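These notes are about the structure you will find just below.
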């Protein structure tokens, strides 16, 4: 929704961030942990060295892909909670493709390309299911997506412990790792693959372009803001909703494929790394607009990577990152709410 | 109860909705308040009933100042307001709506409420089934229920906001009789309306508002022209029908039956031809809206034949209908017609027939400016549609449906609009008609129906009259049919 | 399977479903007033952890349960504040809170992983426990399960048989009508959201101090039950008794999966374990499918008799939410 730009906007956002920091500090104190030390560890753990920064980028790429997709579904007015499952299915399809090409002797570039494509297909397919449930089953996409998330998790676990299990002892550590040749090539000595970054940038650019410069994007937004009027004006709303799902699922599937080919090099139970839900929060924080999304995504990825230090150094659970991320979104929403309330011409107190 | 409004001021931003209004209503009077849309009537009544607070001014009841902050306060003071869309709970039963909100113990006192309801209903000649769900009632019945509820609460001042929109002639007679009885009892009635005839019939005195100010008062015998002049500041003529030669049939319905959630509509047979204007008249909720939507392909009838230019299209999709040149303009402008959050340029781009893939902003801007000029829309290409006034929103809707249509279907095209917009929009519609488009419209404004239609169909409780020639139909005939009189005996 | 074993199993279902019943009843009350509290999943985790921690530290079960309810009430208060006073999207707030509460639970609960704490004992009702069939089924449960039975009935009576219940229904259906009748809409919404949240908060300790005793951090197995409670609220048509039926059905499906496992060697255990979750959520399509446009159009094309019978079935299944659910109320 178009809001009048206000001078106090950025200032309020910074205020919200400070409040979130305050809140998280409080939580740290409750847990009996040294707050400043914890923050220092997070900063060191994410930005302390070139290697660390590239590690953040490793997390950034799939996050950006997933969030880009979500910007499309949010434009269409949808809460695509099923994004987690879509990432997972992308990873599963990518793994399947790699397994197939393992014996075939195809050149690695083709194999990896096929894996990424398979991932896109897998994610898109899974998202299509959620869309069909909504369009033809009348099931709200929140619950349809949740149900499919559960199924995706179960499918993943079954594959890892069952047919795709490691020979010998199938375990939580995932499937047999793929040979190095079947991974997205990384920079020397680092875990980061520039191809992953490229993919993320491409995904983001695609979504930015679609939303800002095409009729498709405009119609999608119309469907999101007023589906009834959009229908009467002649837009095939069901088709657009399904398209939004499929495109988002494709991008999510690409994220899953990246997780398999560039990050973990195998399929593990938590292959999505929570990037789906995290992406939803990033999208909320940028008010569903693409412009600042990659920056915020980097920030969130840095928090995730940085907090890995916490269990090691301070014996704290790394979920602190989630607390801070949640607090950020929450306080921004709160500040936004207060700002709107103060602007209302009649501040009524009748209750 | 004697009601005095002293120098009431209320502004919404730059709009001065009530500008120093002072009015005194003696007890036992039926006071009419006349004014067109936007004159400030509803705001004034909302202030009196506690829904809004005045910026400045006082309200005195029975010679004492009253401090009103909320509807609770006014309820305690004995002021009750009957809204145009009665504030009831459709999902609950009549009896529960009746007793909702009353003080009491842990269990609802249904037995007591039932007997009070029945007694009051009998006294006023209303027939209300306590066990019926409110969503199944007509607007008139819901008003009756609300009226009885306010009386049970001991309301000594009753404010009625546009009570005769959407009720039958019979119900109106019953309502007026009850109001007269109540005023004889010493209760004060404030009757807000834009319908001259009703106000002239019923009210002991009339106050006229225009643009937020009280411009004059009158007592019987009323001079209609003078009242109109006070309301509009000028004498207004509505324009006339096109009376063109009907051409080929554009749409034909044969024995169409539609099953709505509440009723069965039809069987109805009607047709519309090029250059013709067909008016669908009737109380709201009598089925005309569903029929109009069937003509657009939005609802599928369960029986009958539907032909567009001779081709059978029953069951086809809305898109198929659109492709054949059928356009539909809904009554709820912001809920169904336009997209709040998008501006004018975006709306026009959305309906671009030869849209490519990329948006070319220069061209889009140019196209929008052209349309704004053609339809005299008071706004800029960057204006969000929710910021436009009702009249301009309606012009936008008209601009969006496009040219070269075979059939234009309109739901309440001029509802809530000022008289200038009404006339201007109908001029545009007649232009289309001249060009060959057939027009079918639904309206609850008898004047509009009679003025602009060539032929009329009346709807009552799902039944549809055969085609009536607008030139030879009188207001009384129309009113009677709309109210349910003059229909052949029902076959069960 | 012998009757005894069957009854034992069913009694176990009633007990295991108690937490879900609490959460669902709480959410039903909240949604009846017109507010969606999507944070249920996170709240259950947080309240489970907090009540376990308090119980371990103080040794008191009662304090543990009260803590759980307090946590639920506080989270719900946040949801209410954002929804009612700040008029922000209820889905957005609930979603953020559900994630944040989960992370809070894992973070703050770290020190308590694997500890053993007090556990609610069974409390058989004298005389009644010896009744045939009904005895082993209903009267050999623990205090919490008895409470769940009482609350199901209590909630139903409150909503449908009392005067305040009528007010509650009106606030959720058409707040403007309630307001004009002198009801304090927003105040009632706060109240019911907080009370509903407290009930959701009760589900947490019902797990960590009874049904799934202990706190195991990220593998507590509690993640997901909040979503189920939300789904069952819809499935139950915002009616406590129908919602309870949904809760028992869900746990029954879980139990069925366990029981059938040995008979179905080909089906992996993960599938049977997780199957009830998506099944329940997909069951939502049953109660909603009548609302979709394609069904309406198809129905219109069917012969009269067929159409009427199908319409009747759809109408019986239909779950219509309180009309103002999710919409903030402005008294202007």
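Taken together, the values in this text are just the output of simple stated rules run on the coordinates, not laboratory data. Because the structure is predicted, anything quoted here is derived from the model rather than measured. No Cβ is skipped: glycine too gets one built from the backbone with ideal geometry, and neighbour counts run over all protein chains shown.
Decide, for chain A, between rounded, prolate and oblate: order the square roots of the alpha carbon gyration tensor eigenvalues as a ≥ b ≥ c, take rounded if a/c falls under 1.5, and otherwise choose prolate if a/b is larger than b/c, else oblate.
Cα axes put chain A in the oblate bin.
Divide by every residue of chain C the summed helix terms, -39500 (n - 2.57) for each DSSP H run of at least 4, and state the resulting mean residue ellipticity at 222 nm, rounded to the nearest 500 deg cm²/dmol. Present the calculation step by step, with values, prior to reporting the outcome.
Details: 16 runs with 223 residues, N = 332.
Mean residue ellipticity, 222 nm, calculated: -21500 deg cm²/dmol.
What ranking do C:116, B:406 get, fewest neighbouring Cβ atoms within 10 angstrom at the top?
On the way: C:116 10, B:406 18.
Least to most surrounded, the residues fall as C:116, B:406.
Cut-off is 10 Å between beta-carbons; in what order do B:344, A:106 appear when sorted fewest neighbours first? Can you show the working numbers first?
On the way: B:344 26, A:106 15.
The fewest-first ordering by Cβ neighbours comes to A:106, B:344.
Viscosity 1.002 mPa s, temperature 20 °C: what is the translational diffusion coefficient of the range B:147-218 from Stokes-Einstein with a Kirkwood Rh over Cα pairs, rounded to a whole number of µm²/s? Let's see the in-between values first.
Working: Rh = 13.2 Å.
Translational D for this selection: 162 µm²/s.
Hey, what did chain A get for relative contact order, percent, Cα under 8 Å, at least 6 apart? Kindly include the intermediate steps, with their values, before the conclusion.
Values: 559 pairs, mean separation 117.0, N = 351.
Worked out over chain A, it gives 33 percent.
Please work out whether chain C counts as rounded, prolate or oblate from its C-alpha gyration tensor, where a ≥ b ≥ c are the square roots of the eigenvalues and a/c under 1.5 means rounded, while otherwise a/b larger than b/c means prolate and anything else oblate?
Details: a/c = 1.59, a/b = 1.16, b/c = 1.37.
Because a/c hits 1.5 or more and a/b fails to exceed b/c, chain C counts as oblate.
What is the packing order of peptides B:299-311, C:218-230, taking the mean over residues of other C-beta atoms within 10 Å and listing the highest first?
Numbers: B:299-311: 17.5, C:218-230: 20.4.
Descending packing order for the listed peptides: C:218-230, B:299-311.
Just grab the label-to-label distance for residue B:73 and residue C:304, each label 7 Å out from Cα along the Cβ direction, in nm (one decimal).
5.8 nm
Suppose a student asked you for the relative contact order of the range C:3-317, using Cα pairs under 8 Å spaced at least 6 residues apart; what percent would you report? Let's see the in-between values first.
On the way: 497 pairs, mean separation 98.1, N = 315.
31 percent.
Can you pull the mean other chain C-beta count within 10 Å for peptide A:155-164?
Details: counts 4, 1, 6, 6, 2, 1, 3, 3, 1, 0.
Counting Cβ atoms of other protein chains within 10 Å of each residue's Cβ and averaging gives 3.
When you count, for each residue, the other Cβ atoms within 10 Å and take the mean per peptide, how do C:206-213, B:48-55 rank with the highest first?
Values: C:206-213: 24.9, B:48-55: 20.6.
For the peptides C:206-213, B:48-55, the packing ranking is C:206-213, B:48-55.
For peptide B:99-106, compute the average count of partner chain beta-carbon atoms within 10 Å of each residue's beta-carbon.
Values: counts 3, 10, 11, 4, 2, 1, 2, 7.
Average neighbour count from other chains, rounded to a whole number: 5.
Could you grab the Rg to Rh ratio for the protein assembly as shown? Cα atoms only, Kirkwood for Rh. Please list the in-between numbers first.
Working: Rg = 32.8 Å, Rh = 33.1 Å.
Across the protein assembly as shown, the Cα-based Rg/Rh ratio is 0.99.
Take the alpha carbon atoms of the range A:153-190, find their center, do the same for the range A:41-119, and report the distance between the two centers in whole angstrom.
15 Å
Can you give the % of DSSP beta bridges in the protein assembly as shown that are antiparallel, to the nearest 5?
55 percent
Sort B:184-192, C:316-324 for me by packing, meaning the mean count of neighbouring Cβ atoms within 10 Å per residue, highest on top. List each step's numbers first, then the result.
Values: B:184-192: 19.1, C:316-324: 15.8.
Output ranking for B:184-192, C:316-324: B:184-192, C:316-324.
So what is the 222 nm mean residue ellipticity for chain B from helices alone, if each DSSP H run of at least 4 adds -39500 (n - 2.57) and you divide by all residues, rounding to the nearest 500 deg cm²/dmol? Kindly include the intermediate steps, with their values, before the conclusion.
On the way: 16 runs with 162 residues, N = 492.
It comes out at -9500 deg cm²/dmol, rounded to the nearest 500.
Treating only the Cα positions of the range A:216-270 as identical point scatterers, give the base-10 log of I(q)/I(0) from the Debye formula at each q in 0.22, 0.28 Å⁻¹.
Debye output, listed in q order: -0.75, -1.02.
Once you order the gyration tensor axes a ≥ b ≥ c over the Cα atoms, which shape class does chain B get: rounded for a/c under 1.5, otherwise prolate or oblate by comparing a/b with b/c? The partial results should precede the final answer.
Details: a/c = 1.83, a/b = 1.41, b/c = 1.30.
Judged from the Cα gyration tensor, chain B comes out prolate (a/c at least 1.5, a/b above b/c).
Per DSSP H run of at least 4 residues, take -39500 (n - 2.57); add these up for chain A, divide by its residues and hand me the 222 nm value, nearest 500 deg cm²/dmol.
Values: 14 runs with 249 residues, N = 351.
When only DSSP H runs of four or more count, the value is -24000 deg cm²/dmol.
Test of understanding: ordering B:434, C:87 by Cβ neighbours within 10 Å, fewest first, what list do you get? Intermediate results must be reported in sequence, preceding the final value.
On the way: B:434 12, C:87 16.
With the sparsest Cβ surroundings first, the list reads B:434, C:87.
For the range B:357-382 and the range A:232-250, compute the distance between their C-alpha centroids and round to whole Å.
Taking the Cα centre of each part, the range B:357-382 and the range A:232-250 sit 26 Å apart.
Only Cα pairs under 8 Å and at least 6 apart count here; give the relative contact order of chain B as a rounded whole percent. Before the final figure, lay out each step's value.
Details: 940 pairs, mean separation 77.7, N = 492.
It comes to 16 percent, rounded to a whole number.
Could you work out, residue by residue across A:235-247, how many beta carbons of other chains sit within 10 Å of that residue's beta carbon, and then give the average as an integer? Mind showing how you got there, number by number?
Working: counts 4, 3, 0, 2, 0, 0, 0, 0, 0, 0, 0, 0, 0.
Average per residue, whole number: 1.
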